[in-house]
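The values are calculated or read from the model by the stated rules, or taken from the named source; none is laboratory data. Since this is a predicted model, take the numbers as computed values, not measurements. Reconstructed Cβ throughout: ideal geometry from the backbone, glycine too, with neighbour counts over all protein chains shown. We work out accessible area using only protein heavy atoms, side chains counted, and drop any ligands, DNA or RNA first. Shrake-Rupley method; radii C 1.70, N 1.55, O 1.52, S 1.80 Å.
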Amino acid sequence: MKTKHVWALVMPALLLFVLIFLVPFLLLIVKSFQTYVPGTLISDSSFTWENYTQLFSDGYYFKIYYRTIRIAVISTLAVLVLSYPLSIFLSSMNAKVRGVFMTISILPMIGGAMIQTMGWFAMLMRYGTINSFLLGLHIIKDPIQFLGTELGVIIGLVQSFLPMMIYPLVSSLLAIDREIYDSARTLGARPPKIFFSVTIPLSAPGAMAGAILVFMACLTSFVTPSSLGQGKIQVFGTYAYQQAIQVMNWPFSSSYAIFFILSMGIVVLALNLLARGLRRKRCGSM
Amino acid sequence: MAATPFLSVQHVEKSFDNTPVLLDMNIDVEKGEFVVLLGPSGCGKTTLLRILAGLIEAEEGRIMLEGNDLSRTPTHNREIGFVFQRYALFPHMTVRENISYGLKIRKRDKQFIREKLATIVDLLELGGLEERKISEISGGQQQRVALARALVIEPKLLLLDEPLSNLDAKLRASVRVNIVEIQKKLGITTIMVTHDQIEAMTMGDRIILMNEGKIQQSGPPKELYANPKDRFVSEFIGSPKINTLPTTFDGTSFYLGNSENSITISLTDMCNWLMTTPPKNLPANNYLLGIRPESMRIASDGMFLATIAFLEDCGADTHLHLKAYRSRIIMRINSCDCKQAVNDTVPFTFLDKSLYLFDLEGNRLA
Amino acid sequence: MWKHVNRVLSWLILLFMLAPIIIIFLNSFNSSRFFSFPPDGFTLEWYRRFLENNEYRKAIGISTELAFSAVILALSVGIPSAYALFKWDSSKRSILQAVFLSPLMLPGIVWAIGLIQYYSMMGLLGSFIGLVCAHAIIIIPYVIRLVTASLCYLDEDTEHAARTLGATPVKTFFSVTLPAIKPGIIISGIFGFMISFTDVVIATFIAGSKYITYPVRMYVELRTEGLDPLAVAVSAAIMFVIIIIALLAEKSLSWSKYL
Ligand SMILES: Nc1ncnc2c1ncn2[C@@H]1O[C@H](COP(=O)(O)OP(=O)(O)OP(=O)(O)O)[C@@H](O)[C@H]1O
Ligand SMILES: [Mg+2]
């Protein structure tokens, strides 16, 4: 196709992207160097580093930072552990049945965060499903506190983001040649051995790709920690919301967001390089 | 001034990413002619066909159809029927919709389309398949639908890109005849691409043999077979492939083989076997002798001796794989005449006026 | 033996994944306000109230309108881009593709903080068109990805065939290319619709007070007043529709292969 025509066809989308996607990011950078004037939405446009120095001078932000990462790491590991058995099960099905089950397992994502959160809310409340169940069976005497704890948030995150791991994992499991399992078996390997020596190494790139997606999603999640954390679990997303929507301190929210995205970007980039390393090792010299 | 040819390709050149694919192509095609573009894989046949159809732009040169320059005519106005190698039928349409697509584009009325369709379906024996989806018919039927779809618009020129390569061997032979029959019946000017020399020999009025973006030789099939311009042409046409034996000429005689096992052929004998007389004062040098498998015969008084390494019985014919003068030679004989067994030594000779002489670059000298 | 252990584990994990949805369904028929388990009794009361409730109907109406508009916008700019980029032999292609896919990688909440400031500058904060554009941005990556994927399945020679048969490039696109990429378009449309319809983050940041979508309404309510059985019934009804659409998409288009 001629370059002229390509640009003509791409232009509307490109324009939309520049105006609605790129410019806000640039604005974010500019605003992060301005000063908040309390009670107004218009900031003092003189240049200042103050929003950034504030981030480093107060330990509060590091606590949020640390908590966010801790929750994301635990949730991602939990997702990784839970997704393997299910993905193996899914990849062993025939294509038609698998399609239906894959569709079912993406429901937590396409149903939307709000419906999931609401369901967890009903289950995790003081006298919600889980506590009534356990109390009814006399397993516990007093209801367990889930809402407003990190545990509650992690449960919600793990359930919401499991599909993000299952999809790449299933496709990399499907890419493994069946005959490799057969040959491992003829060589005398038992299922656990096969799992650790064949399944895990060969599906590692898919798992890594999924883990990065899940990790990012957990780091920047907002609805789940806000609703299930009940305002008691302050993480990046909830604090950004508080600063931007409730306090309306936009310059500071901007610097906070930029600092966060940059530092997270480095971690994710490192993970990406690691993932690429895994792939390279698998495909030889490519 | 000679009459303008129906189709004329003039100085067409094309390269992809600075790699030349077509170099100064010049072809004239008469109305009603069936031209076969033959050549090894990657020599630019498909590229040339696509340039004719306007699907690719040439960098140099022009295409003249009935005296009009097509350079500025977009594909959809060229009136050229194209049958693609993998047929490229529209998967979301039925056989009927596929065939009538071109007529609907031309906004022909329903009645006209129905009649046209009936005729073409009849011609290509597609009756009863009209309402089927493309995925529900066989490869051979798909091939005929593709042909029908291209023919129904009554194009000025029909281009076929390896139309038979996706068919099994048995079907190929019958479709071969079919296509030629239809072509002659409709009198439609046709250019077909193939890399199968048997298809080229049996189907074309004329073969254009290409190699590395150039025309190597062009002419009726018989001529390319009997009178190849060079070693490449002689090797490409004819099956089994022509034997080429190194030979040394010392000014008076030819020698085959090496010092331990060699045979001397006098210049007069050689002139008798060679198709044409070699140039006068042929310099003493190394040459190549081109011997077709069918230009040899077993003869008790033959001056050459060979050991049979392998016998390939192909039914009517038998191919003898011979070891002689440090070369392997294939000889084709009638199976009835074959009394020999492996490891036998047989005397043989050549048919008169049947050998070619090439220099080491492959140019034909005689 | 191991196979059975894995199977049991898998079912338990599936149960965990679907637990919130199942609970929403069960509780929507629970006659107790307080989500007692096991349920106190069966009732359709909450659904009846949902039908009478204008607030939710309005919110769902806004969400539907928004999702529909965003999908239309995303498709109408996304399909030409995907097609042009696919047909473009240039090293710039992958750069542009990366640009259009970037919303998948960059966190939405960070963008939203920029967007709220930008929209307030432009006077778009709380406007419908602002919401539509923002949602279109997050749908476009899926349109590009799925349309490109279905273009990969298209035999380019079918387009060439149409051209030799007399179709102009535009006619070729509509009669040959478009039918071939229809699955990608439909799937990205459905998926995009669901993304927009269920989005909370972008919408809470830029929606303002006039166009309150249904998930934003639920979010605000859940944070301020706790769980309301009416909201549960609404969610259950919506989830039911989503499940039906997803299963239909799987059955007729095998959509899970594309996602
Ligand atoms: N779009 C393209 N971009 C770059 N190179 C190309 C392109 N199309 C063809 N070529 C190159 O041009 C040369 C000629 O290709 P062409 O398809 O014309 O060969 P062909 O004679 O039809 O071969 P075959 O018998 O295998 O079909 C090949 O070396 C091929 O690699
Ligand atoms: Mg070809």
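Annotations
- In the protein assembly as shown, the portion of solvent-accessible area held by carbon and sulfur atoms comes to 60 percent [1.4 Å probe, whole percent, DNA, RNA and ligands not counted].
- Buried accessible area, chains C and B (both chains, 1.4 Å probe, Å² to nearest 100): 1700 Å²
- Estimated FRET transfer efficiency when R0 is 25 angstrom, pair C:Trp11-A:Val267 (beta carbons, to 0.05): 0.15
- Solvent-accessible ranking of A:Val37, B:Val180, largest area first, probe 1.4 Å: A:Val37, B:Val180
- Peptide C:81-91 has a mean of 5 when you count, residue by residue, the C-beta atoms of other protein chains within 10 Å of its C-beta.
- Structure-based [θ]222 nm, chain B - -39500 (n - 2.57) summed over DSSP H runs of at least 4, per residue, nearest 500: -7500 deg cm²/dmol
- Accessible area buried, both sides summed, chains A and C with 1.4 Å probe, Å²: 7600 Å²
- Which of C:Thr43, B:Gly32, B:Ala341, positive extreme of dipole for the protein assembly as shown (C-beta unit charges): C:Thr43
- The heavy atoms of B:Ile215 offer some 60 square angstrom of accessible surface to a 1.4 angstrom probe.
- Rounded to the nearest 20 debye, the dipole magnitude of the protein assembly as shown is 2000 debye, with +1 charges on Lys and Arg beta carbons, -1 on Asp and Glu beta carbons, and the Cα centre as origin.
- Å² per residue, accessible surface of chain A at 1.4 Å: 46 Å²
- Distance from the alpha carbon centroid of segment C:166-224 to that of segment B:136-157 works out to 41 angstrom.
- For chain A, the dipole from Cβ point charges (+1 on Lys and Arg, -1 on Asp and Glu) about the Cα centre works out to 880 debye, to the nearest 20.
- Average accessible area per residue (Å²) across chain B - probe 1.4 Å, nucleic acids and ligands excluded: 47 Å²
- Dipole of chain C [Lys/Arg +1, Asp/Glu -1 at C-beta], most positive-end residue of C:Leu18, C:Leu230, C:Leu248: C:Leu248
- Kyte-Doolittle at least 1.0, axis length at least 27 Å by Cα - qualifying DSSP helices, chain C: C:2-28, C:128-152, C:178-198, C:229-253
- Peptide C:229-236, shielding by other chains (average Cβ, 10 Å cutoff): 3
- The order of the peptides C:228-239, B:224-235 by mean Cβ neighbours within 10 Å, most packed first, is C:228-239, B:224-235.
- Loop trypsin sites (Lys or Arg not before Pro), segment C:123-207 (other Cβ atoms within 10 Å of the site Cβ: 15 or fewer; DSSP): none
- For chain C, the mean residue ellipticity at 222 nm estimated from helices alone is -25500 deg cm²/dmol, where every DSSP H run of n ≥ 4 contributes -39500 (n - 2.57) and the total is divided by all residues, rounded to the nearest 500.
- Approximate shape of chain C as ellipsoid semi-axes (Cα gyration tensor, √5λ), whole Å, largest first: 38, 26, 18
- 10 Å Cβ shell holding at most 13 others, DSSP loop, chymotrypsin sites (Phe, Trp or Tyr not before Pro): longest site-free stretch of chain A: A:128-286
- Rolling a 1.4 Å probe across the protein heavy atoms gives segment C:53-258 an accessible surface of 37 Å² per residue.
- Report note on the peptides B:129-136, C:190-197: ranked by the mean count of other C-beta atoms within 10 Å, highest first, their order is C:190-197, B:129-136.
- The peptide list C:68-74, B:30-36, A:269-275, A:148-154, put in order of mean Cβ contacts within 10 Å with the highest first, becomes C:68-74, A:148-154, B:30-36, A:269-275.
- Principal-axis tilt of helix A:95-105 within chain A, Cα atoms, nearest 10 degrees: 40 degrees
- Crossing angle, helix B:95-105 versus chain B [Cα axis fit, 0-90 degrees, rounded to tens]: 70 degrees
- Nearest-10 value in Å² for the accessible area of A:Asp177, using the 1.4 Å probe: 80 Å²
- Farthest towards the positive end of the charge dipole of the protein assembly as shown, among the residues C:Gly189, C:Ala134, B:Thr189, is the Cα of C:Ala134, using unit charges on the Cβ of Lys, Arg, Asp and Glu.
- Exposure check, 1.4 Å probe, all protein chains in place: C:Ser91 carries approximately 100 Å² of accessible surface.
- Working from the Cα coordinates of segment A:77-224, the gyration tensor eigenvalues give, after taking √(5λ), semi-axes of 34, 18, 14 Å in decreasing order.
- 10 Å Cβ neighbours from other chains, averaged over peptide A:79-88: 4
- Relative contact order for segment C:83-219, counting Cα pairs under 8 Å that sit 6 or more residues apart, in percent: 35 percent
- Dipole magnitude (debye, nearest 20) for segment A:185-286, charges at Cβ of Lys, Arg, Asp, Glu: 720 debye
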